[in-house]
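First comes the structure, then the notes that go with it.
Bear in mind that the values in this text are calculations on the coordinates, not laboratory data. Quick caveat: nothing in here was measured; it's all calculated off a predicted structure. For neighbour counting, all protein chains shown are included, and Cβ atoms are generated from backbone atoms with ideal geometry for every residue, glycine included.
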């Protein structure tokens, strides 16, 4: 199986179109870009990543600032078995560690997934004390738009959705390594 990680450009576009999309829109707001430029998350992300730092310095600089978490991301590969058999999946984790919102403290992770065909998913996940697994708080469709908007720890009241066991194991390992570092 191919163990090649996705290219940095692919990772950057997928991050900006999914997990970093809201931050990108907020950072670009002072530039007053037309809606025709910002309405499609994937197109906007591709434009930002391809921006010439000499001709579009504000656009490029803003994109680089939003991409900062991705520059220190951890990458791993696991084999996931689905209905069609085993498949190698590469995970890119820009953020993982202890996270506190109001009085709620737990582990938080952002996960980008890539398979052999390219970007496949992006998730915000949390693991509260006492939880045995990582719970999906928000996941994103291929368009970059969130399918569900649930803040950190909110999925505790409804049906809990999670990722596959090999991904859970990798996240547990990375969380243990990051233990003690707030995110």
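Things to note:
- Distance (nanometres) between label positions extended 7 Å along Cα→Cβ at residue 101 and residue 82: 2.7
- Relative contact order of region 8-71, pairs being alpha-carbon contacts under 8 Å that are 6 or more residues apart, as %: 42
- Taken over region 8-71, the convex hull of the Cα atoms encloses 75 Å³ per residue.
- Each of 15, 108 has some number of other Cβ atoms within 10 Å of its Cβ, and from fewest to most they run 108, 15.
- Going by neighbour counts of Cβ atoms within 10 Å, the residues 90, 75, 162 line up, fewest first, as 75, 162, 90.
- Pairwise Cα distances in region 83-126 exceed 12 Å for 65 percent of all pairs.
- Fewest-first ranking of 79, 135, 168, using other Cβ atoms within 10 Å as the exposure measure: 79, 168, 135
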